[in-house]
Amino acid sequence: MSDILSSAYPWIKGLHIMSVISWMAALFYLPRLMVHHTERVGLSGETHEIFAMMEYKLAKVIMQPAMMATWVFGLLLVATPGIVYWGDVWPWLKGAGVIAMTVFHIWLMRRMRGFQNGENSTTGKQYRIMNEVPTLLMILIVFSVTVKF
């Protein structure tokens, strides 16, 4: 198995990077949709239905599969011999960042379901603040992997 992973490493790494890009794009855009949904649209009417549909499709068609692919390809990279030395700090920081990103993803999914049900208790300002979370986590993750401290 390790021979297969080693020979497929560049392909797995490429697929991992593409998955991360897709996941991050959705994590950046969904809270922005929710800001506008909260501040401009409200929780009823035709525009609400359009926003709820856009949020649902972004979350279920792009964000969820991209997260799953990111995890699968990332775990395959971790399982590839010689890629990760667990005595270093960076894989633990990256792992913590990815877990935190997944928690943020779950939080967004819950907010999306709330909009689907005509419920929302989060303000536009709170969504704006939360929109910075993936950026901060991305910085941690990217520098962990590239600097390898």
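Candidates are the residues of segment 2-58 that are without any contact (Cβ under 8 Å) to a residue 24 or more places away in the chain and part of a loop (DSSP other than H, G, I, E, B); the one that is farthest from I83 (Cα to Cα) is G45. Here the condition is being touching a Gly at 6+ places or on another chain (Cβ under 6 Å) and either more than 19 Å from W23 (Cα to Cα) or assigned to a helix (DSSP H, G or I) (or both); of L137, L93, it holds for L137 alone.
I106 passes every criterion in (1) over 16 Å from M130 (Cα atoms); (2) modelled with pLDDT of 95 or more apart from (1). Selection of first residues in segment 111-128 that are of a type in the set (K, R) and of second residues that are at pLDDT 95 or above, restricted to Cβ pairs under 7 Å at least 6 apart or on distinct chains, gives the following pairs, ordered by first then second residue: R111/M34; R111/T122; R128/V35.
Within segment 7-39, being over 15 Å from G74 (Cβ atoms), of a type outside the set (A, V, I, L, M) and surrounded by 13 or more Cβ atoms within 10 Å (Cβ to Cβ) holds for F28, Y29, P31, H36, H37, T38, E39. Of the listed requirements (1) of a type outside the set (S, T, N, Q); (2) within 18 Å of V145 (Cβ to Cβ); (3) more than 21 Å from the chain's Cα centre (by Cα), V72 misses just one: (3).
The values are calculated or read from the model by the stated rules, or taken from the named source; none is laboratory data. As the structure is a computational prediction, the values presented were derived from the model and not from experiment. Neighbour counts run over all protein chains shown; Cβ positions are idealised from the backbone, glycine included.
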